[in-house]
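Read the structure below first, then the notes.
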């Protein structure tokens, strides 16, 4: 009798140990969840080249020249590691159709600009792919002063420019921008047949552009 009880207890113990083990073997193996890798933060660092167009208006020789311009720009940005601060340098050159005419003593006077450009330093604050920036530097432009009847003279004016804008990186390599710029080209003396008129020239402009940013080699 005691023998039967002992054998029964032993059988129950073996069954209690083997059934959970068998059930555990049928369960799927546990695999840890894959690690989540955060996308790399966008960086403005790198060289770029772009095209832009816009409209300018200003004052020169008691006239109000205005018109459109189109051209290209290139530059280099550097964004400090772990910082929203972006610095850079940029240069642009543009074909322009900016002019105005006014009546003058004995005829008409025309002032015009056929091309312009600038080399500027930039500093900005980045909100990831959105950049707010200011820029300033050296500006240069063709200036022509013409009297009718009479003759004409032209100069390459050199002055300063300052402005600011906003830029958005639509992808890792393409960005779009809009900016405002004020330029003072100073005063130039033009040599005509019977006179030496002096004329200063200052200009406001708005521009929009699109650029391609190359991957930084550094």
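The values are calculated or read from the model by the stated rules, or taken from the named source; none is laboratory data. Fair warning: this is a prediction, and the values are worked out from it, not measured in the lab. We place every Cβ from the backbone using ideal geometry, glycine too, and count neighbours over all the protein chains shown.
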Q: Restricting attention to segment 25-80, report how many residues are part of a loop (DSSP other than H, G, I, E, B), more than 30 Å from residue 99 (Cβ to Cβ) and modelled with pLDDT under 95.
A: 16
(Q) Going residue by residue through segment 119-137, is there one that turns out to be touching a residue at least 60 places away in the same chain (Cβ under 8 Å), over 26 Å from the mean Cα position of the chain (by Cα) and at positive phi? (A) no
**Q.** Any chance residue 92 is in a strand (DSSP E or B), over 29 Å from the mean Cα position of the chain (by Cα) and at pLDDT 95 or above
**A.** no
**Q.** Those residues of segment 68-96 which are within 16 Å of residue 115 (Cα to Cα) and surrounded by 16 or more Cβ atoms within 10 Å (Cβ to Cβ), in sequence order
**A.** 69, 71, 72, 73, 92, 94, 96
Q. Would you say residue 212 is under 16 Å from the mean Cα position of the chain (by Cα), over 16 Å from residue 86 (Cβ atoms) and surrounded by 13 or more Cβ atoms within 10 Å (Cβ to Cβ)?
A. yes
